[in-house]
1. Averaged across the residues of B:524-533, what count of C-beta atoms belonging to other chains lies within 10 Å of each residue's C-beta?
2. Beyond a 22 Å Cα-Cα separation, which of these cross-linked pairs lie in this structure: B:371/B:392; A:166/A:194; A:72/A:389; B:197/B:227?
3. In terms of Cα to Cα distance under 15 Å, which aspartates and glutamates are near enough to residue B:172, apart from those fewer than 8 places away along the same chain?
4. In degrees between 0 and 90, to the nearest 10, how far off the longest principal axis of chain B does helix B:343-355 point, with axes built from Cα atoms?
5. Would you give the gap between the C-alpha center of region B:4-76 and the C-alpha center of region B:283-330, rounded to a whole Å?
6. For the protein assembly as shown, just say rounded, prolate or oblate: build the C-alpha gyration tensor, square-root its eigenvalues into a ≥ b ≥ c, call rounded for a/c under 1.5, and beyond that prolate if a/b exceeds b/c, oblate if not.
7. Loop only by DSSP, 11 or fewer other Cβ within 10 Å of the Cβ. Give me the chymotrypsin sites (Phe, Trp or Tyr not before Pro) in region A:16-121 that pass, ordered by residue number.
8. Placing unit charges on C-beta atoms (Lys and Arg positive, Asp and Glu negative, everything else neutral), compute the dipole magnitude of region A:211-323 about its Cα centre in debye, rounded to 20.
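Read-outs: derived from the displayed coordinates by stated rules, not from any lab. Remember, it's a predicted structure, so these values are computed and weren't measured experimentally. Using ideal geometry, Cβ is built from the backbone for each residue, glycine included, and neighbour counts are taken over all protein chains shown.
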Amino acid sequence: MEFAELIKTPRVDGVVLHRPFMPTVEGTLCLTGHHLILSSRQDNTEELWLLHANIDSTEKRFVGSLGTIIVKCKDLRVIQLDIPGMEECLNIASSIEALSTLDSVSLMYPFFYRPLFEVIEDGWQLFVPEEAFKDLESMTDEWRLSEVNKDFSVCPSYPSLLTVPKDIDDESLCKAASFRHGGRFPVLSYYHKKNGMVMMRAAQPLTGTNGRRCKEDEKLINATLCAGKRGYIIDTRTIAVAQQAKARGGGFEQEANYPQWRRIHKAIERSNVLQESLIKLVEACNDQSHSMDRWLSKLEASNWQSNVKEILTTACLAAQCIDREGASVLVHGTEGTDSTLQVTSLAQIILDPACRTIRGFEALIEREWLQAGHPFHQRCAQSAYSNGKPRSEAPVFLLFLDCVWQILRQFPCSFQFNENFLIMLFEHAYASQFSTFLGNSVAERVKLLLSQKTVSLWSWVNRPQELERFLNPLYEPNNLVIWPSVAPQSLLLWEGVFLRWNRSTKCLDEAYQEMAHIIEYNKELQNKVNSLRRQLAQLETEDSPLQTP
Amino acid sequence: MEHIRTPKVEQVKLLDRFSNKSVTGTLHLTATHLIFVESNSTSAQEIWILHHHIASVEKLSLTTSGCPLLIQCRNFRLVHFVIPRERDCHDIYSSLLRLLRPVSYDELYAFSYNPKQNDQEREEGWQLIDLAAEFERMGVPCDQWQLTDVNREYKVCKTYPRDLYVPITASKPIIVGSSKFRSKGRFPVLTYFYQEKKAAVCRCSQPLSGFSARCLEDEHMLQAISKANHNSRYIYVMDTRPKLNALANRAAGKGYENEDNYSNIRFQFVGIENIHVMRGSLQKLLEVVGTRSLSMTDYLVGLENSGWLRHIKAIMDAAIFLAKAVTVEGASVLVHCSDGWDRTAQVCALGSLLMDPYYRTIKGFMVLIEKDWISFGHKFADRCDQLDPDPKEVSPIFTQFLECVWQLTEQFPQAFEFSEWFLIQIHEHVHSCQFGNFLGNSQRQREDLQLKERTYSLWAHLLSEKQNYLNPLFSPSVAESHPVLEPSTQAYHFKFWRNMYNQYDRSMHPRQSILKHVLTLQESKRELEGTVQALKTKLQKFGVSTSPLKPQTPPRERSLPPRPHTGGERTVEGSSATENGYGELMGSFGSKNEPGVVTLEFGVARMTC
């Protein structure tokens, strides 16, 4: 298919762009296969380049022959284009509509994008499971890397290499896989070096109504327990939801069959509920006419902050079991691809200082989200302005980022990256020139030949000139476990994302710059002192032979 | 002291408000403080509670572990003791009941507090703030405004200061006539002069207009204010009350200005609720944020139902209206409410702070409080419950003002010389009765109490530890380029001030404070700069010339050297798993207690003893 077929009017002059807190721009609107471009063709004015993939929905309005298109983006920005001429406006609108809802993955921009920078470090090669396993091997010899899923037949949403207990053979893994939803048998998520406890994740067991059991599954997870020790199973669903799942063939671990495990149920919402929550929250944030009472009641009704609190609390609980109780943990919900990953990844941020560095955080996202099979393509197909009935869209990853931001707010000196890094990840998860977040699983990405045909987000982000923006000037590495507060008074609305386009951040940005400047200057002074000291010491030693009689 | 029945009780348990933790220690009762000393010798924490800070003491019914005593403080601290013997508990309880209800001013802490300063230092402390100099700074007296001696002996208005500024055309008979037509004699006077446009902010109380009464002198007075400003043909009269309240006041012979009787006024209701509504609102707010295992829904619903942020926004909206009228339209504004000492003080003070960068400095903020709150007779004694009082007079009016300022610091992080610690510390001392500044209800009463001779000034104390209250990001150049603050009043910009209302609930606070961090850097900056100088001098002795520091930018260190591994036992200060109550691990197996590290730092208002 040619994009040209979809572009009825490639160019319109005299288009006026309105954006909140920015002067209006009049210029020429151009449509290309992947971008909406508005340029005033004057020097010193920035052009608008908007990826069609970033467009969540559009609205048209007409006053006489002047048409207006309101473009609502997945990054929550809303812009308005005034287009002279009814026909032009209709053409543009329908083109945008068509181009922003292309079904085929292979037509997405990453397949057409050619980087203008030299790829020094290929992001596709950065985080390979073998490397992570080497680290694990240096700490313990109780785990092995299994190739049972090398053709993705045992579990289509798992990667080809999986870390499993050494004593469990591949045959047992296959049997355990047949007992877990989607074949997602328990695998290692995190090894806590301090006390050797582990966190595993899986999907729900397929016990069904007649209480099926699977010896291999039991043996598999018991193999992770030390002699005489017990572990915790954290089911991210309420007991009622877990009970209901039995009717559809799912279920939870029965005490009788897993006597060494204690099950705890939490109440993280399912993905369709989360999508609803996002839509309501963004609606509340975008309505400038709210009185105080109405705003608070809308914020409450969206349930977003409640979701943040519940996810964070569950992650803290998992971390607490591992670090304070000295027990291993198995986390699962239903499919094991959403709430499960929120919990396991956040718990690692709390427990493992490595995850609070930029590289470590990238590795975490790679491990616990991309390779673990979070269905990014489905979940991020639409954002808060989707009109239609949600299919499988859900802000699961955004909620995770929100929770990370909450921890970052509480421990502002413990992260190597700043808020901009999290916002950037949010943007790229929804629309990007890079293909890191394309597809739903490793299997799909392999099939699409992404690593040969497209550029990884990490190849771009990790360039020093880009990283600059994402470094947290306050960062001072600490090797401690960081326990966030989950009291509602401690959890804030993530303004950087949800009010990003509704407020002027000039004052806040300048203050941030000033803070960075103070820190930078202090470092310079420290360096200066060190170099002067060295210089002095050197002179003194050179002098000393002369002084000694 | 005769009121203390039991000076010391041992084996007292202090329960944490939000978790199941408790510590054991000894409770001491002194003439001024209730002190809890933890027995654990290694990390023994001490809690000092000033009797004046105690708002209420409650003895709960006996439990198996002892007799619970619940103490609620005005600085939002809530402590829950369990005293083993009921007898002791009762003694402490009844002693406290007497101690926290002083019957005369002489019993207040300020009259016994002695910071070991001599008389001269004390006097200098009181001379720090000079309101005459402040009016001079604004450009008053000038060709349109003059100092009047009409209230020199407090004869016209008992609750006003002696020195008052009025339009030069307002003669004494007009002033006296106008004062008779105003509630409590509080006639229109100048509080802030915006030199750039010669526009004035004046304040007064409501007119005694009833349904039809009028007063020519009062009308003249407003005319005089209007004429003093050539930039505008009209003045705004802001009645800061909701219209309904003002209407109701008419029945009592009070009310508001009739636009037909006053020429060239633009009358405007603002709709800030009265002291009773505010008191109830804070009570509701505190109930919500003091709830154990509070859910997000209950928190947000409770926040909304308390109405607290709505009231804060109303005050802010009024102040913005005032600032716009003065700075944009160049019009003078007369502000009043009922008596002109609560809402009027809030709006005038906040409005001036928006207009004038001086009030956003540490010294300037003191001046502002001294002017609009202390000298113009905000009834601190009644509102803050200093002497055995009428509970209906108590209201967090001044607290709201401090909060509005805090909300502004959140929107304009570089506009203020001080940080929120300054605001919290002022709040602490408004209630502590440790310094003389806020005692009593009016200047006249303060003079009668001879506060300047018998007590110390808070301002001197705060200035002496100024470095603790500095905002390291403050930028005077921003103030120069944007002198007038134009805050957004979108509802979502108003936030719950956790560090005030939950200031003692450390587990809720960020575990690493950016403010503290940057302040420390500022401190070490000075030190490092000194070291650089010293090293350079030494090097010069070796005949080495060194380059000046500034222009030289050494290559940035990208990777910071990792810190030595510090074992796994420590936690980031105050951050612990058990305190947060993530989940009840009922009958958890082999759960270990963790070392709790809780130290007081700045940010929690500290007692100065």
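1. Taking the mean over all residues of the peptide, I get 4.
2. As for pairs spanning more than 22 Å Cα to Cα, those are B:371/B:392.
3. Filter leaves B:149, B:153, B:163, B:217, B:218, B:219.
4. 80 degrees
5. Taking the Cα centre of each part, region B:4-76 and region B:283-330 sit 32 Å apart.
6. On the way: a/c = 1.73, a/b = 1.42, b/c = 1.22.
Here the protein assembly as shown falls in the prolate category.
7. Working: sites: A:21, A:49, A:62, A:111, A:112, A:113, A:117; in loops: A:21, A:112, A:113, A:117.
Passing sites in region A:16-121 are A:21, A:117.
8. Here region A:211-323 has a charge dipole of around 540 debye.
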